[in-house]
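Trainee: My questions all concern the structure below.
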Amino acid sequence: MTLRWEAFGDRVQERGTYENREEAERATRVVLALLGAQLVGRERAERAARLPETMALILLNLLQAAEPLSPERFVHATAAWIEGATERTAMWDVGAVLSVAADAAGEDLLRRILLQLPTGYDLLFGHPQPL
């Protein structure tokens with residue numbers, strides 16, 4: 001399912017209980033850019049295809065991580081990229097954006113994305129996997 005920019009932003013704003021759209025967009029841009037650097041191949045392309053065009057371009061940025069970040073480092077990187085953010089607020093931002101992204105991805109794509117990422121990302125996406 002591909003969401004329009006407004007619908008995706010509205011869902012992130014609602015889920016993150018952001019006061020305004022700008023806060024939701026800031027979090028979305030940072031989290032998707034960091035996620036895009038972690039993903040490769042078909043899953044990255046499919047994830048982008050299910051995002052609004054502007055967000056897809058952010059996810060498809062040419063920067064690639066040398067190795068996937070652990071969930072803790074992903075949150076830390078998010079905090080570093082969002083002015084005034086703390087680890088706690090960054091965790092909130094990551095959860096808001098990735099949970100909306102997970103809903104839009106669908107179960108099959110989310111499962112394949114999680115296979116590319118280190119253990120623990122299921123919690124960041126708001127979809128805990130059975131042990």
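Trainee: Would you pick out the residues in the range 116-131 that are open to solvent by 100 Å² or more (accessible area, probe 1.4 Å) and farther than 19 Å from Arg73 by Cβ?
Mentor: Correct list: Pro130, Leu131.
Trainee: Which pairs do you get when a residue that is within 16 Å of Arg26 (Cα to Cα) and free of Cβ contacts under 8 Å to residues at least 24 places away in the same chain, found in the range 70-85, comes within reach of a residue that is hydroxyl-bearing (Ser, Thr, Tyr) and open to solvent by 30 Å² or more (accessible area, probe 1.4 Å), reach meaning Cβ atoms under 7 angstrom, with the pair 6+ apart or on two chains?
Mentor: So the pair list comes out as Ala79/Thr86.
Trainee: Got a number for residues in the range 30-52 being in contact with a Ser or Thr (Cβ under 9 Å, 6 or more places away or on another chain), part of a helix (DSSP H, G or I) and not β-branched (Val, Ile, Thr)?
Mentor: 2
Trainee: Just one of Leu62, Leu69, Leu57 is at pLDDT 85 or above, part of a loop (DSSP other than H, G, I, E, B), open to solvent by 10 Å² or more (accessible area, probe 1.4 Å) and farther than 22 Å from Glu19 by Cα; which is it?
Mentor: Of the residues listed, the single one that is at pLDDT 85 or above, part of a loop (DSSP other than H, G, I, E, B), open to solvent by 10 Å² or more (accessible area, probe 1.4 Å) and farther than 22 Å from Glu19 by Cα is Leu69.
Trainee: Condition test on Ala101, is it in a helix (DSSP H, G or I), open to solvent by less than 20 Å² (accessible area, probe 1.4 Å) and touching a helix residue (DSSP H, G or I) at 6+ places or on another chain (Cβ under 6 Å)?
Mentor: Spelling it out, it is not the case that Ala101 is in a helix (DSSP H, G or I), open to solvent by less than 20 Å² (accessible area, probe 1.4 Å) and touching a helix residue (DSSP H, G or I) at 6+ places or on another chain (Cβ under 6 Å).
The values are calculated or read from the model by the stated rules, or taken from the named source; none is laboratory data. Bear in mind the structure is a predicted one, so any value in this text is a computation, not a measurement. Cβ coordinates were reconstructed from backbone atoms using ideal geometry, including for glycine residues, and neighbour counts include every protein chain displayed. Surface accessibility is based on the protein's heavy atoms, side chains included, excluding ligands, DNA and RNA. Shrake-Rupley method; radii C 1.70, N 1.55, O 1.52, S 1.80 Å.
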